[in-house]
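Accompanying notes for the structure given below.
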Amino acid sequence: MPRTVPLRRLFLALLLSCAVLAGTSACGGDDGGGASSSSASPTGTSSAEAQKFAKTRFVTNAGLAAGATYQWVVKPYRAGKFKKGTDGRTFALVKAGLAGGFAYNRLKAATENAKGDPLLSKAVAPLTAGIASLKGLATKLRKGEAGAGDIGAFESVISSVKDAGKSAGAEVKDKVPSTSQLGG
């Protein structure tokens, strides 16, 4: 009987990992269709609304990334959940890997959203290299290979994005996503 619990956890971890991969690969943009419909009737009001919504979407995406990072990566790491021999280590690592992939995806979306607001785009533009450096961190987290430096890099990028948003008048607050949002 004790053997079925780890098998269920491994199955759940595999299922969640596949869901994240499917969700992130299916999150491509409608680059062709959206551009033609938005250029059909540009007005002064739509430009202002687009800027307003760009800031709102930036705050939402950056907040979700920050919340996921803190809740499922930083907090468990500080609590020692990623150390070998710890109860629930595998599950904590899988959740951290999912949260890392989710946070990376949301940070990329936030930088795209920032392009819609001139002040925000100037503040966030220098952070794209830092965000790009996080690309492989989700895999390292899932495999249990992430160390203090990796966790620190994640925290640093998140705080830089929050600071950039605050300097542009778009304060980012942590929003912890539900586990269903992590899965895609």
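The values are calculated or read from the model by the stated rules, or taken from the named source; none is laboratory data. Just so it is clear, the model here is predicted, and its values are computed rather than measured. Cβ coordinates were reconstructed from backbone atoms using ideal geometry, including for glycine residues, and neighbour counts include every protein chain displayed. For the accessible areas, the whole protein counts, side chains as well, though only heavy atoms, and no ligand, DNA or RNA atoms are used. Shrake-Rupley method; radii C 1.70, N 1.55, O 1.52, S 1.80 Å.
To keep it simple, each residue is scored yes or no on (1) closer than 23 Å to Leu120 by Cα; (2) modelled with pLDDT under 65; (3) among the hydrophobic types (A, V, I, L, M, F, W, C).
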position	(1), (2), (3)
Leu14	no, yes, yes
Cys18	no, yes, yes
Thr24	no, yes, no
Ser38	yes, yes, no
Pro42	yes, yes, no
Gly67	yes, no, no
Tyr70	no, no, no
Gly101	no, no, no
Exercise for review: Return yes when Lys95 is closer than 17 Å to Gly165 by Cα and touching a residue at least 12 places away in the same chain (Cβ under 8 Å) and no when it is not.
Suggested key: no
Study note, to complete from the structure: Note on Lys122: of the conditions (1) within 17 Å of the chain's Cα centre (by Cα); (2) over 14 Å from Trp72 (Cβ atoms), unmet is (1)
**Study point:** Residue satisfying all of: in the range 54-68; in contact with a Leu (Cβ under 9 Å, 6 or more places away or on another chain) and closer than 13 Å to Leu182 by Cβ; surrounded by the fewest Cβ atoms within 10 Å (Cβ to Cβ) among these
**Key:** Ala68
Point to revise | Criterion: among the small types (Gly, Ala, Ser) and closer than 30 Å to Arg89 by Cα - qualifying residue of Ala146, Ala168, Ala123 | key: Ala146
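Give me a count of the residues in the range 133-158 that are assigned to a helix (DSSP H, G or I) and open to solvent by less than 50 Å² (accessible area, probe 1.4 Å). Don't jump to the end; show me each part of the working.
Filtering the range 133-158 down to residues assigned to a helix (DSSP H, G or I) leaves 137-143, 148-158.
Narrowing further to those that are open to solvent by less than 50 Å² (accessible area, probe 1.4 Å): 137-138, 141, 150-154, 157-158.
Selection size over the range 133-158: 10.
Say we look at the range 171-184 and pick out the residues that are in a helix (DSSP H, G or I) and hydroxyl-bearing (Ser, Thr, Tyr); which of these is farthest from Arg89 (Cα to Cα)?
At the first step, the residues of the range 171-184 found to be in a helix (DSSP H, G or I) are 179-182.
If we keep only those that are hydroxyl-bearing (Ser, Thr, Tyr) as well, we get 179-180.
Working: Thr179: 17, Ser180: 21 Å.
Per the criteria, the residue is Ser180.
Determine whether Val161 is within 30 Å of Lys83 (Cβ to Cβ), open to solvent by less than 20 Å² (accessible area, probe 1.4 Å) and assigned to a helix (DSSP H, G or I). Walk me through it before giving the result.
Values: within 30 Å of Lys83 (Cβ to Cβ): yes; open to solvent by less than 20 Å² (accessible area, probe 1.4 Å): yes; assigned to a helix (DSSP H, G or I): yes.
For Val161, the condition - within 30 Å of Lys83 (Cβ to Cβ), open to solvent by less than 20 Å² (accessible area, probe 1.4 Å) and assigned to a helix (DSSP H, G or I) - is met.
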Review point. Looking at (1) touching a Lys or Arg at 6+ places or on another chain (Cβ under 7 Å); (2) open to solvent by 20 Å² or more (accessible area, probe 1.4 Å), can you tell me which one Asp174 breaks?
Key: (1)
**Study point:** Any pair with Cβ under 9 angstrom, 6 or more apart, that starts in the range 76-90 at a residue that is in contact (Cβ under 8 Å) with a residue 12 or more places away in the chain and open to solvent by less than 50 Å² (accessible area, probe 1.4 Å) and ends at one that is among the β-branched types (Val, Ile, Thr) and in a helix (DSSP H, G or I)
**Key:** Phe82/Ile151
Practice item. Report whether or not Phe91 is under 20 Å from Leu182 (Cβ atoms), not aliphatic (A, V, I, L, M) and not in a loop (DSSP other than H, G, I, E, B). Key: yes
